[in-house]
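Below is one structure; the comments refer to it alone.
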Amino acid sequence: MMNLYMYFTVIPVIFILSLIWTVYRFNSFHSMKKPLLEGSLISAALFILSSVWWWFSQTDRMSQWLGILYYLVAFIILSSIKALILSLMITWKYSKENELSANNQLLNEE
């Protein structure tokens, strides 16, 4: 039973760690491609390690394969959520910059 709790705890922990890293790197690069790739690679590496742990901790082949399949689905969903969050951050950042530049132009015209 403890393995099951650990199994489902891994998913949000990986998501939070990779999201923190992705947002941190986004603030450094101001683009979406490299931070999203780095966050996805971190997630993939952690999910692979978790899958190996799950494979060796379970004796039933069906639960081994289902556990790995669920981790794969979680990776895909969490990567999509990270991409959505980054795209919203880019939209928010550029709308803020456009608003500031429009205000500066109005001040310069006066």
>> Would the stretch 10-80 count as rounded, prolate or oblate if I go by the C-alpha gyration tensor, calling it rounded below 1.5 in a/c and otherwise prolate when a/b exceeds b/c, oblate otherwise?
In response: prolate
>> For Val23, project a label point 7 Å along Cα to C-beta. Then give me every residue of the stretch 31-49 with its amide nitrogen under 20 Å of that point.
In response: 31-44
> Summing Lys, Arg as +1 and Asp, Glu as -1, what charge do residues with Cβ under 11 Å from the Cβ of Phe26 carry, Phe26 excluded?
Replying inline: +4
>> Residue by residue through the stretch 11-20, what is 3J(HN,Hα) from phi via Karplus (6.51 cos²θ - 1.76 cosθ + 1.60, θ = phi - 60°)? Round to whole Hz and write x for glycine and proline.
In response: 4, x, 5, 4, 4, 5, 4, 6, 5, 4
>> Calculate the FRET efficiency for Lys34 and Tyr70 from the Cβ-Cβ distance with a Förster distance of 35 Å, rounded to the nearest 0.05.
In response: 0.75
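Readers should treat all values here as calculations from the given coordinates under stated rules, not as data from a laboratory. The model shown is predicted, which means the values in this text are computed figures rather than measured ones. Reconstructed Cβ throughout: ideal geometry from the backbone, glycine too, with neighbour counts over all protein chains shown.
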